[in-house]
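The values are calculated or read from the model by the stated rules, or taken from the named source; none is laboratory data. Owing to the predicted nature of the structure, the values given are computational and were not obtained by experimental measurement. Here the Cβ positions follow ideal geometry from the backbone for every residue, glycine too, while neighbour counts run over all protein chains shown. Accessible surface areas use protein heavy atoms only, side chains included; no ligands, DNA or RNA. Shrake-Rupley method; radii C 1.70, N 1.55, O 1.52, S 1.80 Å.
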Amino acid sequence: MKSLEVTLRHVRDDGRKALVPYFVAGATPDWTRHVEAAVLGGADAIEIGVPFSDPMMDGVVIQEGALRSLERGTTLESICQELESLETEIPLLAMTYYNIFLHYGLSRAAGRLRDSGISGAIVPDLSLEESDEWRAACDESDVATVFLVAPSTPTSRLRDVAQRTQGFLYASARMAVTGGASDAGEGPRVVASLREVTDVPVYVGIGISTPAQAASAASFSDGVIVGSALVKIILDGATPSDVESFVRSFRGAID
Amino acid sequence: MTERDNVMGAPDERGHFGDFGGRFVPEALMPACLELEEAFRDAWSDADFVAEYHTVLRQFAGRPTPVTPLPRLSKRLGLELFAKREDLAHTGSHKINNVIGQTLLTKRMGKPRVIAETGAGQHGVATATAAARLGLACTVFMGEVDTKRQELNVFRMELLGATVVPVTSGSKTLKDAVNEAMREWVTCVADTHYCLGSVMGPHPFPWMVREFQSIIGIEAAAQLSELGVGTPDAVVACVGGGSNAAGVFAGFAQSDARLIGVEAAGGAAVRSGSPGVLHGMRSLLLQDEFGQIEEAHSISAGLDYPGIGPEHAHLAATQRAEYYAIGDDDVLSALTLLSETEGIIPALETAHAVAWIAQEAGGLLPLGSSVLLNLSGRGDKDVAQVRAILRGEA
Ligand SMILES: Cc1ncc(COP(=O)(O)O)c(C=O)c1O
């Protein structure tokens, strides 16, 4: 088992719902302080979004974050360097599009992630069918590969994806790109069908923007991922202490 | 089977043409891609579907398009030139062949709506046209920059009953229109087909679009035989994503004809690109040293794309086809050259192929060579832009 899998199993075995905030790395100069604030606010793992020019799975908020970050000259390398000085006990996961890793070199990228303290990777445009090379590269470096399922995923595929994912399964609650939504979507149904085929932890994401939504999602899953709502307050100028209380409000709601 | 027999055959079961192609899409879209592949395989081997496709092409789209000898230009350049006249197809370009295939397939899948991306507007207009004809709802995503450059095409799509959505993300051009169409497709895959406009995107699109466009090459090969020309020495087509080129190449893949694709110098994925993943496919892309996709720049909106279809990347890697690039400056003179010598105003995209032929007559094209030009589209959509440039207003 990879380190991330062990850690996240422990979170669940402790009876704790996982809270995973998402950041666009480099969207603001002090982004690593935002990450630290989220840890203080009670996060169990952090998703570090590496900006890509063509984020096909992202809505307007994260697109804007990626654009700002790229304009500041952010690269995979610069993110890894900044993370080296970050002191945190909780796992970090990189989330980005496949071309970024492909271009860096798959083995080299996985090694670089590990060296900067990242223990997992989520690549939303990498289908299971195309993932052999990337999974092999991640195996060399103890980086867990997390896969997504969607409401459209048929049961037969759920089983395949669940078998390959490491650490947790990312269940999108709705047929949508990242961004806010006002209802629970299809989360309950997706998670229920996953429970029939796997015992890996299932975290729900896509469209969770309020503590109440997070509480509801946590009631039928093992954890929640909060992205656009957090990126939005950061783009609007949130300070690290704003971020800490934002995360704390989600923590309070799901505990 | 010899290697030659396999050229431009079907991709492998995961949609690979050699090292390129495949399916790099969010899990939410995987089932739709699998469903589409199955529907296409089923339809394309169903004689009734194929017959209907050919009937609509004949009765509605004006096929077969002729092959026209170009005697005055031939004399001028010292070549033996022929043009496959996709400019005479309904809506003025080859794009109609693909959309008729895909909209018929949409009906067969029982979906009431199509979405599409468009750059210049040609594919958007063609999709809106076929959607109107078949009674499908239609939404077209178009970069905001392009909606201004090609205002009349926006109006045409609206006349045809389509909704045009200006895309304001990223560079606000074709690649962003594709991103936005993909994002939209995620939200509505159950009742909507994404009618992609070129031989790009995730499997089965590159293969399916090539199959729907292969009518160009199949017709042209038969027409050249009737004209007593037989196999031409070279087949030349412009390349954006590469659909008109793939379509015409398909008729000559097993022959000895040289296959030549001409890209815009500002969007030359084969010459200036490197392998990468974008829009669901592994192919050659314009990108910076960090893997961020770069914007293409071309006088013709239809070639303003930073990638190329994966089968072309493979044809380039295996050297079955050759790819060259032509700069904006040479395009206008080629457009006027064909207009004045042959009475055909080509689209700016097509003019890239004309420019390469004119430039290489006596060079890479030995004098006396027989050459088939795929005349992918007519220039009507571009005349306002060309006038502005020729008058020094742009
Ligand atoms: C007339 C014409 N030719 C060529 C193209 C380029 O597309 P493709 O390379 O897919 O043929 C376009 C695209 O808009 C076009 O309108």
Seminar exercise, completed: Rounded to whole angstroms and listed largest first, the alpha-carbon spread of the protein assembly as shown along its three principal axes comes to 82, 50, 50
For this session: Two decimals is fine: what is log10 I(q)/I(0) at q = 0.26, 0.28 Å⁻¹ for segment A:140-215, from a Debye sum with one equal scatterer on every Cα and no solvent?
Result: -1.20, -1.31
Exercise. When we measure straight from the Cα of B:LYS148, which lysines land under 28 angstrom away, once same-chain ones fewer than 8 places off are left out?
Worked result: B:LYS95, B:LYS172, B:LYS175, B:LYS381
Exercise. Which of the lysines could a cross-linker span from A:LYS17 if the Cα-Cα distance has to be under 25 Å and same-chain partners fewer than 8 positions apart are dropped?
Worked result: A:LYS2, A:LYS232
For this session: Over the alpha-carbon set of segment A:3-254, work out the extent along each principal axis and list the three values in angstrom, largest first.
Result: 44, 39, 33
Exercise. When the dipole is taken about the Cα centre of segment B:16-73, and only Lys, Arg (+1) and Asp, Glu (-1) are charged at their Cβ, what size is it in debye, to the nearest 20?
Worked result: 600
For this session: May I ask you to give the percent of accessible area on segment A:87-157 that is carbon plus sulfur, with a probe radius of 1.4 Å?
Result: 46
Exercise. Averaged over peptide B:275-282, how many Cβ atoms belonging to another chain are found within 10 Å of each residue's Cβ?
Worked result: 5
Exercise. Which value in Å is the Kirkwood Rh of segment B:137-251 over different Cα pairs?
Worked result: 16.1
For this session: With a cut-off of at most 12 other beta carbons within 10 Å, and DSSP calling the residue loop, which GluC sites (Glu not before Pro) in segment B:279-336 qualify? Please list them.
Result: B:GLU289
Exercise. Measuring with a 1.4 Å probe in the full set of protein chains, what accessible area per residue, in whole Å², belongs to the protein assembly as shown?
Worked result: 35
Exercise. For chains B and A, what's the summed buried accessible area, probe 1.4 Å, to the nearest 100 square angstrom?
Worked result: 2900
Exercise. When Cβ neighbours within 10 Å are restricted to other protein chains, what is their mean count per residue of peptide A:239-246?
Worked result: 0
For this session: Quick one: go through segment B:65-98 and flag any residue whose amide nitrogen is under 12 Å from the point 7 Å out along the Cα-to-Cβ line of B:ALA222.
Result: B:65
For this session: Provide Rg and Dmax in Å for chain B, with only Cα atoms included in the calculation.
Result: 19.2, 57
For this session: Loop only per DSSP, at most 15 neighbouring Cβ atoms within 10 Å: give me the trypsin sites (Lys or Arg not before Pro) in segment B:1-72, ordered by residue number.
Result: B:ARG14
For this session: Evaluate peptide A:127-137: per residue, the Cβ atoms of other protein chains within 10 Å of its Cβ; return the mean as an integer.
Result: 3
Exercise. Which of rounded, prolate, oblate describes segment A:32-160, given a ≥ b ≥ c as roots of the alpha-carbon gyration tensor eigenvalues and a/c under 1.5 marking rounded, otherwise prolate only if a/b is larger than b/c?
Worked result: rounded
Exercise. Relative contact order, percent, of segment A:3-254 when contacts are C-alpha pairs under 8 Å separated by at least 6 residues?
Worked result: 24
